[in-house]
Structures are given as structure tokens and as C-alpha cells.
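If you scroll down you'll find the structure; I have some questions about it.
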Amino acid sequence: MPTKPSKNLEVIPNPGPKRDYEISLECPEFTCLCPRTGQPDFATIRIRYIPDRLCIELKSLKLYFWAYRDEGAFHEKVVNEILDDLVKACRPRAMTVTGDFYVRGGIHTVITADYGAGKKKAGK
């Protein structure tokens, strides 16, 4: 049976919860739909985070990203929603999500959202 897209994010225990260390993830093949035109939007999604007790399980993250392929959403909504969902799933010490969207209409868009104000931020 083939794997299907899913918004269900799974987590694993952090093997080094006493230490601050950064995890960097990159998805260079992210796709969602423009809510105005229905045309595909392509992006590289970058995640940098400092885990606390939990880490994001990578296969579930891949399936989570796949779930956006048929979903219409503006770039700003996509990046902020990804950050909210990841923070809810793993409760990191800090996290940064960046969506680097391909040029559309002559405009290159990069959206960055942070979690962990007042703490050491991932990627900073």
C-alpha cells in the first residue's frame, strides 16, 4: 500500500536533552497551490530548531509537507502554519522556519517565522 500525505506529525525522544544543539532540515521540493490562480507554488522550506525533550520524526515531516500539494494558501500562511504545527508537535526551545519561494510574477518571496522570543533562537 502506497504512503499517503498526512498532517499528522510524529516525534521521537531527544537523545541529548541536557544540551543545546541545533537541528537543520531542508525540503527543496515543497509545493502548495496559489489560492488565487490554482497554479503550483514551489519553495525550499528550511527548519532550524533547538529541541527540548522531543525531535520531529522525518518521515512524518515528509508526509506533512506532501499534504500541502493540493492545498491553496498564501506564502505567509504556509510558513506560519508550518511553524505553529511543528512547535505544537515537539515544543522546541527555539525554532525558525523559512520559506524561500520561487519567483512568481517577477517577485521572489522569502518568509521567515520564529518561535522562542527571549531565548536563543535557532539559526541566529
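Anything in region 60-81 that is in a helix (DSSP H, G or I), over 11 Å from the mean Cα position of the chain (by Cα), of a type outside the set (F, W, Y) and farther than 9 Å from L9 by Cα? List them, or say none.
Residues satisfying the conditions are A67, R69, D70, H75, E76, K77.
For the subset of region 57-86 comprising residues that are within 14 Å of K7 (Cα to Cα) and among the aliphatic types (A, V, I, L, M), which member is surrounded by the fewest Cβ atoms within 10 Å (Cβ to Cβ)? Outline the logic, then answer.
Quick first cut of region 57-86, residues within 14 Å of K7 (Cα to Cα) only: 57-71, 78, 81-86.
Still in the list and also among the aliphatic types (A, V, I, L, M): 58, 61, 63, 67, 78, 82-83, 86.
Values: L58: 11, L61: 19, L63: 18, A67: 14, V78: 23, I82: 25, L83: 22, L86: 22.
The residue in question is L58.
Shifting gears a bit: Of all residues in region 1-40, which are surrounded by 14 or more Cβ atoms within 10 Å (Cβ to Cβ), hydrophobic (A, V, I, L, M, F, W, C) and part of a loop (DSSP other than H, G, I, E, B)?
L9, C34
Keeping to region 25-40, report how many residues are among the small types (G, A, S) and in contact (Cβ under 8 Å) with a residue 40 or more places away in the chain.
The number of residues fulfilling the criteria is 0.
Under 6 Å by Cβ, and 6 or more places apart or on different chains, what pairs join a residue from region 109-124 that is at negative phi and of a type in the set (F, W, Y) with one that is at pLDDT 60 or above and part of a strand (DSSP E or B)?
Y115/M95
Also, quick follow-up: Taking region 82-111, which residues are in a helix (DSSP H, G or I), of a type in the set (A, V, I, L, M) and under 11 Å from the mean Cα position of the chain (by Cα)?
Once the filter is applied, which keeps residues that are in a helix (DSSP H, G or I), of a type in the set (A, V, I, L, M) and under 11 Å from the mean Cα position of the chain (by Cα), region 82-111 yields I82, L83, L86, V87.
Within region 82-94, take every residue that is out of contact with any Leu (no Cβ under 6 Å at 6 or more places or on another chain) and of a type in the set (A, V, I, L, M, F, W, C) and give me the one that is nearest to W66 (Cα to Cα).
So, considering only residues that are out of contact with any Leu (no Cβ under 6 Å at 6 or more places or on another chain) and of a type in the set (A, V, I, L, M, F, W, C), the one nearest to W66 (Cα to Cα) is I82.
With respect to I82, determine if the residue is more than 19 Å from Y21 (Cα to Cα) and among the aliphatic types (A, V, I, L, M).
Against the criterion (more than 19 Å from Y21 (Cα to Cα) and among the aliphatic types (A, V, I, L, M)), I82 qualifies.
Is there any pair linking a residue in region 41-56 that is buried (at least 19 other Cβ atoms within 10 Å of the Cβ) and hydroxyl-bearing (S, T, Y) to one that is modelled with pLDDT of 95 or more and not in a strand (DSSP E or B), with Cβ under 8 Å and at least six apart or on different chains, and which?
Y49/E22; Y49/L86; Y49/C90; Y49/P92; Y49/R93
The values are calculated or read from the model by the stated rules, or taken from the named source; none is laboratory data. Owing to the predicted nature of the structure, the values given are computational and were not obtained by experimental measurement. For neighbour counting, all protein chains shown are included, and Cβ atoms are generated from backbone atoms with ideal geometry for every residue, glycine included.
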